[in-house]
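Here's the structure, in structure tokens; my notes come after.
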Amino acid sequence: MKIYKITAEEIAEKVRELALAANMYLPEDVKSSLAAARAAEKMLQARAVYEEIIKNAELAAEKYMPICQDCGMAVIFAEFGQDLFVEGGGASDALNEGVRRAYADGYLRKSVVSDPLFARKNSGDNTPAVIHWRVVPGHSLKITVAPKGMGSENMSRIFMLKPADGVEGVVNAAVETVRAAGSNPCPPVVIGVGIGGNFETAPLAAKEALLVPCGKRNPVGFYAEMEERILNEANRLGIGPAGIGGSVTALDAHIVARPTHIAGMPVAVNLCCHALRHASGRIEGRPCNE
């Protein structure tokens, strides 16, 4: 078997690049969804809020400044090719070093505290990142950096439903999460729903659902129908942008489903504000004999 290599320095620099890009530039699908929401919004004041949100994103890109003052915990999804070798340091250390550089170089707000309950002392560099590794075939490393603000994260929920709760249980869980959250997650929101797995993996599926491009439906027909239903019912709540009322509260809803136990049906709902930030890149390995 041929072994390929990348360096820890390459990883750190790629994460630095992606973390900066994610904080400064909204993905094109999110910008298109905001424009569509502005056009669809029937309430004059709510339409004005959408104007401000869109202008904010344009200014952030133009002036290379953060879209939001909460530059989030750095959530990293890393797909590691099984034929790769990392030279010059540990892979996780390199990911964290990239976060450290980005949050210093970009003057991004550093929001991570080392102890969650007592000292709550700021780590000073926004590390450690939340890292999700997946080993995949091949010899490249794909990295997705998704800074996640805590305002919307705080409004997310997990429900340990029974299989008999069915479609209605899932839809009700998602819509109730949005209703209970109200203005707190800085709507308009995107709704990520994870179904299946167990207590630990359903929330991860919900967070992965937030990486699905706005406007893209689940490839499985009945899940696609559920996404549309959740979106429509969430928008009928009338919360609107910034919680001032309006016809568009959610930009989209996405479902990721995972296999689960015969006796359970965990459902996690991860909300994100309109600053649905993420950026992806890939590092190709080189043969070790080069």
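The values are calculated or read from the model by the stated rules, or taken from the named source; none is laboratory data. This structure is a prediction, so every number in the text was calculated from the model and none was measured. No Cβ is skipped: glycine too gets one built from the backbone with ideal geometry, and neighbour counts run over all protein chains shown. Calculation scope for accessible area: heavy atoms of the full protein, side chains included, ligands and nucleic acids excluded. Shrake-Rupley method; radii C 1.70, N 1.55, O 1.52, S 1.80 Å.
Among the residues of segment 83-106, which ones are part of a helix (DSSP H, G or I) and either open to solvent by less than 20 Å² (accessible area, probe 1.4 Å) or touching a Pro at 6+ places or on another chain (Cβ under 8 Å) (or both)?
From segment 83-106, those part of a helix (DSSP H, G or I) are 91-105; that's our starting set.
Scanning segment 83-106 gives A94, L95, N96, G98, V99, A102, Y103.
Okay, residues lined up against (1) of a type outside the set (D, E); (2) part of a loop (DSSP other than H, G, I, E, B); (3) in contact with a Phe, Trp or Tyr (Cβ under 6 Å, 6 or more places away or on another chain):
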{"residue": "A206", "(1), (2), (3)": "yes, no, no"}
{"residue": "L211", "(1), (2), (3)": "yes, yes, no"}
{"residue": "P219", "(1), (2), (3)": "yes, yes, no"}
{"residue": "V267", "(1), (2), (3)": "yes, no, yes"}
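Tell me, yes or no, whether segment 146-166 has at least one residue that is small (G, A, S) and within 30 Å of F85 (Cα to Cα).
yes
How many of the residues making up segment 38-77 are of a type in the set (A, V, I, L, M) and assigned to a helix (DSSP H, G or I)?
Selection size over segment 38-77: 12.
Could you tell me whether K42 is outside the structural domain of P137 (by TED's automatic domain parsing), open to solvent by 50 Å² or more (accessible area, probe 1.4 Å) and over 23 Å from the mean Cα position of the chain (by Cα)?
yes
Mind checking which residues of segment 201-226 are crowded, with 16+ Cβ neighbours inside 10 Å and of a type in the set (F, W, Y)?
Y223 - this is the single residue of segment 201-226 that is crowded, with 16+ Cβ neighbours inside 10 Å and of a type in the set (F, W, Y).
Just to verify a result, which residue in segment 1-25, among those that are touching a Lys or Arg at 6+ places or on another chain (Cβ under 7 Å) and among the aliphatic types (A, V, I, L, M), is farthest from P128 (Cα to Cα)?
Keep residues of segment 1-25 that are touching a Lys or Arg at 6+ places or on another chain (Cβ under 7 Å), which gives 4-5, 12, 16, 22-23.
If we keep only those that are among the aliphatic types (A, V, I, L, M) too, we end up with 12, 22.
Working: A12: 13, A22: 18 Å.
Here the answer is A22.
Looking only at segment 1-37, how many residues end up being in a helix (DSSP H, G or I) and not acidic (D, E)?
Going through segment 1-37 one residue at a time, the tally reaches 21.
Take K31 and decide whether it is in contact with a helix residue (DSSP H, G or I) (Cβ under 9 Å, 6 or more places away or on another chain), open to solvent by 20 Å² or more (accessible area, probe 1.4 Å), among the basic types (K, R) and assigned by TED's automatic domain parsing to the domain that holds G89.
Judged against the criteria, K31 is not a match.
Considering only segment 107-191, give the strands (runs of 3 or more DSSP E) lying wholly within it that have at least 1 residues that are open to solvent by 30 Å² or more (accessible area, probe 1.4 Å), touching a residue at least 24 places away in the same chain (Cβ under 8 Å) and in the same structural domain as I244 (by TED's automatic domain parsing).
157-161
If we keep just the residues of segment 227-247 that are more than 20 Å from the chain's Cα centre (by Cα) and not small (G, A, S), which is surrounded by the most Cβ atoms within 10 Å (Cβ to Cβ)?
Just the residues of segment 227-247 that are more than 20 Å from the chain's Cα centre (by Cα), to begin with: 229, 232-233, 235-240, 243-247.
With the extra rule that they be not small (G, A, S), the set shrinks to 229, 232-233, 235-237, 239, 244.
Numbers: R229: 16, N232: 12, E233: 18, N235: 22, R236: 11, L237: 16, I239: 25, I244: 14.
Filtering segment 227-247 for residues that are more than 20 Å from the chain's Cα centre (by Cα) and not small (G, A, S), the one surrounded by the most Cβ atoms within 10 Å (Cβ to Cβ) comes out as I239.
Could we say that R277 is surrounded by fewer than 17 Cβ atoms within 10 Å (Cβ to Cβ), more than 15 Å from V193 (Cβ to Cβ), among the charged types (D, E, K, R) and touching a Leu at 6+ places or on another chain (Cβ under 8 Å) here?
The answer is no for R277.
Going by the conditions given, is R286 closer than 30 Å to E10 by Cα, among the basic types (K, R) and within 22 Å of the chain's Cα centre (by Cα)?
Answer is no for this residue.
For segment 223-243, give me each residue that is farther than 26 Å from V49 by Cα and in contact (Cβ under 8 Å) with a residue 12 or more places away in the chain.
Y223, M226
P259: farther than 30 Å from A48 by Cα and open to solvent by 40 Å² or more (accessible area, probe 1.4 Å), yes or no?
The answer is yes for P259.
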